[in-house]
Amino acid sequence: MCPLVKRVVGIIGLVAILAGAVYLVRLYSTRSVNARTAKFNADVENLFAGLQQNKENVGSYPIGSNSDIIKMMQGNNPKKLIILVSRKAELNDKGEILDPWGTPLRIYFSDAGVLVRSAGPNRRFDDSTVMNSDDFFRSN
């Protein structure tokens, strides 16, 4: 084989290896995000169930910050009831419930229900002006 053909074959082989590596990295990244998104959805469903139990048994949704809400569900409420959620949620040092990316959830209440917000993979709460916002919102 002539040297020019060997060089072209080598370059094509290198490009193919790099393309394969890029594909594998993207596949891993997508699966990781999908797994964390599924975990977020399951955690929020459990949180909604706990908040609803709190409303039915204590008389209202818990109020306050993320950590205040968790404390109320752990028995620091007027009726001293412990509201169990089916899976142990991850908490930080402040007692705040975390999303799968390690950021404290933001929990909002209204007469219509509950809204839970996660900062998503970038761990930053974006506003509506951000083009590629990756925040997650769930309401019951």
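Comparing TYR61, TYR108, TYR28 in a Gaussian network model of the chain where C-alpha atoms under 10 Å apart are linked, the largest mean-square fluctuation is found at TYR28. When the chain is described by a simple charge dipole with +1 on each Lys and Arg Cβ and -1 on each Asp and Glu Cβ, the residue from ASN54, CYS2, ALA35 located farthest towards its positive end is CYS2.
Quick one: Kirkwood hydrodynamic radius for region 47-100, alpha-carbon pairs, angstrom, one decimal? Show your work: numbers first, answer last.
On the way: mean 1/r = 0.0899 Å⁻¹.
Answer for region 47-100: a Kirkwood hydrodynamic radius of 11.1 Å.
Normalising the average separation of contacting C-alpha pairs (under 8 angstrom, six or more residues apart) by the number of residues puts the relative contact order of the chain at 15 percent. Radius of gyration over Kirkwood radius for the chain, both on Cα atoms: the Rg/Rh ratio is 1.28.
Dividing the summed helix terms, -39500 (n - 2.57) for each DSSP H run of n ≥ 4, by the number of residues in the chain produces a 222 nm estimate of -16500 deg cm²/dmol to the nearest 500.
Placing unit charges on the Cβ atoms of the charged side chains and taking the dipole of the chain about its Cα centre, the candidate lying farthest along the positive direction among SER128, ILE12, LEU24 is ILE12.
Taking 0.36 nm per residue of sequence separation and subtracting the Cα-Cα distance, how much length would be gained by fully extending the chain between GLN74 and CYS2, in nm to one decimal?
Values: separation 72, 0.36 × 72 = 25.92 nm, distance 7.57 nm.
So the extension gain works out to 18.3 nm.
What FRET efficiency, computed as 1/(1 + (r/R0)^6) with R0 = 22 Å and r the Cβ-Cβ distance, is obtained for THR129 and TYR108, rounded to the nearest 0.05?
Details: r = 20 Å, r/R0 = 0.90.
FRET efficiency, THR129 to TYR108: 0.65.
Compared with the dominant Cα axis of the chain, that is its longest principal axis, helix 3-58 is turned about 10°. Accessible surface for the chain, divided over its residues, is 67 Å² per residue with a 1.4 Å probe.
Stokes-Einstein diffusion for region 67-140, with the hydrodynamic radius set to the Kirkwood value over Cα pairs and evaluated at 10 °C in a medium of 1.306 mPa s, equals 116 µm²/s. Using a probe radius of 1.4 angstrom, the carbon and sulfur fraction of the accessible surface of the chain is 60%. Largest GNM mean-square fluctuation across GLY102, GLY120, GLY59, computed for the chain with C-alpha springs under 10 Å, falls on GLY59.
Tell me whether region 97-140 comes out rounded, prolate or oblate; compute the Cα gyration tensor, take square roots of the eigenvalues as a ≥ b ≥ c, and use a/c under 1.5 as the rounded threshold. If you can, show how the numbers build up before the last one.
Working: a/c = 2.72, a/b = 1.38, b/c = 1.97.
Oblate.
Given a Förster distance of 41 angstrom, what is the FRET efficiency for ASN34 paired with LEU81, based on the Cβ-Cβ distance and rounded to 0.05?
Details: r = 36 Å, r/R0 = 0.87.
That pair, ASN34 with LEU81, gives E of 0.70.
The values are calculated or read from the model by the stated rules, or taken from the named source; none is laboratory data. Since we're looking at a predicted model, the values are computed, not measured. In this analysis, Cβ positions are derived from the backbone assuming ideal geometry, glycine residues included, and neighbour counts consider all displayed protein chains. Quick note on the areas: whole protein, heavy atoms, side chains included, nothing else; ligands and nucleic acids left out. Shrake-Rupley method; radii C 1.70, N 1.55, O 1.52, S 1.80 Å.
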